[in-house]
Amino acid sequence: MRRYYFDLIEGDEIFPDEEGLELSTIAKVQEEAARSLADRARDAVRTLGGDSQQLSIEVRDDSGPVLHLKFTFAVERRTH
């Protein structure tokens, strides 16, 4: 199996994955990236004020990038 690294990108900050995961197919890589991004987005929404935010995950193996997954969202608080 090939080892894949899931680097998180939040705005201008990059958080490299030093450990990686061994996965057997690109479909499993995409599923893991989506799950990781959804978990991070859930945490970000809890702390986000009225700003928009873009999160992404760049997946790489030892040869270089293999997948880029991006998610953009905004929180708009409304008062009545």
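Whole number in Å², please: accessible area per residue of the chain, 1.4 Å probe, ligands, DNA and RNA not counted. Walk me through the numbers before you get to the answer.
Values: 5730 Å² over 80 residues.
Each residue of the chain exposes 72 Å² on average to a 1.4 Å probe.
Summing +1 for each Lys or Arg and -1 for each Asp or Glu among the other residues whose beta-carbon sits under 13 angstrom from that of residue 40 gives -3. With the simple spin-label model, which puts each label point 7 Å out from Cα in the Cβ direction, the residue 31 to residue 72 separation comes to 2.9 nm.
Using the C-alpha atoms of the chain, what convex hull volume per residue, in cubic angstrom, is computed? Write down the numbers at each step before the final one.
Numbers: hull volume 7.2 nm³, N = 80.
Taking only Cα atoms, the chain has a hull volume of 90 Å³ per residue.
The trypsin sites (Lys or Arg not before Pro) of the chain meeting both criteria, a DSSP state outside H, G, I, E and B (loop) and at most 14 other C-beta atoms within 10 angstrom of the site's C-beta, are 77, 78.
Computed from Cα atoms, the angle from the helix 26-47 axis to the main principal axis of the chain rounds to 30 degrees.
The values are calculated or read from the model by the stated rules, or taken from the named source; none is laboratory data. Every value quoted in this text rests on a predicted model; they were computed, and no experiment measured them. Reconstructed Cβ throughout: ideal geometry from the backbone, glycine too, with neighbour counts over all protein chains shown. Accessible surface areas use protein heavy atoms only, side chains included; no ligands, DNA or RNA. Shrake-Rupley method; radii C 1.70, N 1.55, O 1.52, S 1.80 Å.
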